[in-house]
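> Mind looking over this structure? Questions follow.
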Amino acid sequence: MDQKSSKNICPLIAKTGDVTLCPYNDKCGFSHDVEGFKAQKPEDIEGECPFLDSKEPCPYGLACRFLGTHKSKDKDGVLGGKKKMSDECNGLNKDVQKLLWKNKMKFPKADAKLKALGLLVTMLRFYFST
């Protein structure tokens with residue numbers, strides 16, 4: 001069997017660092033030697049990975065030139081997402097929702113700015129009382 005160059009690492013493994021994810025296993029045309037790839041990889045460059053603050057993993061995986069700065073690493077040093085996205089955003093309590101539904105919410109700062117710009121439009125009170 002031909003010796004596969006660790007320089008040509010499987011793209012899926014390079015991205016994830018997990019050799020078990022390749023669907024081709026031994027029939028893959030690329031190398032699965034993670035340690036060999038890391039050994040021949042050029043030295044990391046100074047600075048931090050631009051994806052450190054991202055909620056997604058670094059798209060470059062093992063090939064990232066900032067691999068040493070990945071803070072949240074799995075066993076192979078691949079950056080996992082640091083931030084967990086909130087399940088809820090812009091939640092309002094029921095009192096605020098009711099004021100908004102009934103068009104009774106006061107916006108004094110916005111009204112003052114619109115008035116200063118000459119754009120404040122006043123509506124008749126009976127128009128909204130239904």
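> Near the amide H of SER31, under 5 Å away, which other amide H atoms are found, from residues 5 or more places off or on another chain, if H is placed in the peptide plane?
Those qualifying (amide H under 5 Å, at least 5 residues apart or on another chain) are ASN8, ILE9, CYS10.
> Counting other C-beta atoms within 10 Å, which of VAL19, VAL96 has the fewest, and how do the rest follow?
Ascending number of Cβ neighbours within 10 Å: VAL96, VAL19.
> Still on this structure, I have one more. What is region 11-69 by shape, rounded, prolate or oblate, if you read a ≥ b ≥ c off the alpha carbon gyration tensor as root eigenvalues and call it rounded for a/c under 1.5, prolate for a/b larger than b/c, and oblate otherwise?
oblate
> Taking the number of other C-beta atoms within 10 Å as the exposure measure, put PHE37, PHE107, PHE30 in order starting with the fewest.
PHE107, PHE30, PHE37
> List the GluC sites (Glu not before Pro) within region 28-58 that DSSP assigns to loop and that have no more than 12 neighbouring Cβ atoms inside 10 Å. Spell out each step's value before the answer.
Numbers: sites: GLU35, GLU43, GLU46, GLU48; in loops: GLU43, GLU46, GLU48.
Those that pass, being in a loop and sparsely packed, are GLU43, GLU46, GLU48.
> Then there's this: Taking R0 as 30 Å, what's the FRET efficiency between LEU21 and ASP44 from their Cβ-Cβ distance, rounded to 0.05?
0.80
Just so you know, all these numbers are worked out from the coordinates, no wet-lab data involved. Nothing here was measured: the structure is a model prediction, and the numbers come from that model. Cβ atoms come from the backbone with ideal geometry, glycine included; neighbour counts cover every protein chain shown.
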